[in-house]
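Heads up: the structure comes next, in structure tokens.
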Amino acid sequence: MPFCLILFISVFSPLLMVGQDSKSLLCPLVKIDVEQLSDLNIPRSGHQVFYAGGELMVAGGHTNGFVPTPTAEYYQDGKWHTMQMTYNHDFAISVVLKSGKVLLAGGLEQPTGIGQTFSAELYDPLTHTFRGFGNMQRKRAGASGLEIDSGQVVIAGNWYNDDGIELFQEKQSGMGDHSLRQSFTYIKDVAVQRSCPHIFRMEGNDVLIVGNCDTKGDTLLSTCAERLRGDSVHIPLFETWQPISPGDYNDVASFIGDETKNDYTYLLPVQDHTGQVAIARVCGTDINLLPTAYPVPMECMGKKICYSCIIADRQAGLAYLMGIDADYYTSPKIHHYILSIDYGHSSIDGGAPITLYYTDPLPVVPSCSHVLTSDGNLLMAGGMINASNFTPSKHVYLFHVGRKPLNNHASISRWLVPLLILTSLLLICAFIFFKNKKRHQTASIEPEVSDTAKALMERIDKVMEEQKLYQNSELKLQDVANALGTNRRFISESINSQVGCSFSQFVNTYRIEHAKQLLRKNAGQKIADVYYESGFANETTFFRTFKSVTGMTPKEWLNKS
């Protein structure tokens, strides 16, 4: 390596690592400021947070003692103003319609989270009024809703009750006046019943419905996705990666497409069986991993991270994956995490740049989705104290991740510049000294393998063994990268530095070991079957590789075994 490059890395790598954590798998780590705004008038959990008519709103949920509250609040002039709703809507549906009104429907029927309700109402931000108008076709709590291009709202999901798909529609009454009539129409049952599902728009006024939480809150492992206009479909990615349940969340927030171009693309957090999280890009029934510059960090400063939903800022080309400490049930205060995903600058080789923001510990666990403010910051209103539904919070926090420069506590002090110059001179002297001392030495010192590289290599070995990727004769670096939610360069560098061989040599080692097992099991098996099942494209390559690895032909190896 050229001396100038060594010097640059030695001097400036500590600066590049300021604000980073070695266990975050190389992802930059930045501390951010959190601003506490005026408290809500009523402590809330299980409520809805949204913007309507340009005003920040909270609606429904339950208050102290896990008791539903039929109230809402809007934020104006630095204060929260309370309004009366028609019904209780705790753990309910909220959809901000293109008309500007807000549909609120369903929710838990009784205190302490029991039952479901039919009731629905509309909020008009122009008059700050709520109007109840009728019932859904099915009692629901823990459901999701999404408005499609036709103006209809697709509703799916349920909590401790049967799931199914229905549509809400608002249209002229047809009686010669200008009044509107609201109605719900039940469309069909679903193959897989879910709570809090993701609903993504598709072309042709269709939607895709996915999720990994059943109607009782248990983990659901399914490769099936529902459609509004068509049969359920199999999603190959879900064989390895399962969607993360969003809770109280509207998938409009994760939209990164362009309706004017019929581009209905969303981002979806997914998780494999090891607990590793990655980001998937959803476009219709085509769901694939979004390559990221680093694996999604699962720890920060020794704390494991639990991720939830994604909120996109299309103006900035950024998306934010929300997270908290995984031990939130037992800790009085927890760190909040925001993984910034620069999806607008994603590439096949480098992947989308990501940065993990973290906060000082806060006393509140979120119980519903954050919202994106007009200046690109994230806001959390209400939640749970001590992670308990019986002690909701009235605190409101603003996370400063917006489009302005962040106060990231990683700035370089003025006094550090002279120190860098002095450090550079010392490094030059040290380099010259050791170069002269070891000029005639030929032995090299092998660099220590980092914990990050070891962890990635363990994941590579695990996915090769469990999924038998080597049996694919056309296996490429990108295939392994996709399976692990990282990029090709990391895979290649990890194999090269720790195994000491190329990617193809590494894969062929697995193929030869598999071939040996087949030969041991049945010595009379056809060679064509052996090399095909082991992942080789042809017999010539199999024989050449087998001899290169073992020093013998398959027949010689069998005779010696």
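A few notes on this one:
- Calculated diffusion of the stretch 294-383, Stokes-Einstein form, Kirkwood radius summed over Cα pairs, 20 °C and 1.002 mPa s, µm²/s: 154 µm²/s
- When the alpha-carbon atoms of the stretch 207-247 are used, the pair Rg, Dmax equals 10.3, 27 angstrom.
- Principal axis analysis of the Cα atoms in the stretch 260-339 yields extents of 47, 29, 23 Å, listed in decreasing size.
- Ordered from largest to smallest accessible area (heavy atoms of protein chains, 1.4 Å probe), the residues Glu259, Glu166, Glu465 come out as Glu465, Glu259, Glu166.
- For the stretch 204-318, the square roots of the Cα gyration tensor eigenvalues, ordered a ≥ b ≥ c, give a/c of at least 1.5 with a/b no greater than b/c, which places it in the oblate category.
- List Thr330, Thr185, ordered by accessible area with a 1.4 Å probe, largest first: Thr330, Thr185
- Global geometry of the stretch 105-248, whether rounded, prolate or oblate, following the gyration tensor of its Cα atoms and the 1.5 cut on a/c: oblate
- His234 accessible area, 1.4 Å probe, all protein chains in place, Å² to nearest 10: 100 Å²
- Cross-link pairs beyond the 20 Å C-alpha cut-off, checked among Lys79/Lys394; Lys521/Lys560; Lys101/Lys139; Lys98/Lys171; Lys468/Lys516: Lys101/Lys139
The values are calculated or read from the model by the stated rules, or taken from the named source; none is laboratory data. Small disclaimer: the values here were computed from a predicted structure and weren't measured. Quick note on the areas: whole protein, heavy atoms, side chains included, nothing else; ligands and nucleic acids left out. Shrake-Rupley method; radii C 1.70, N 1.55, O 1.52, S 1.80 Å.
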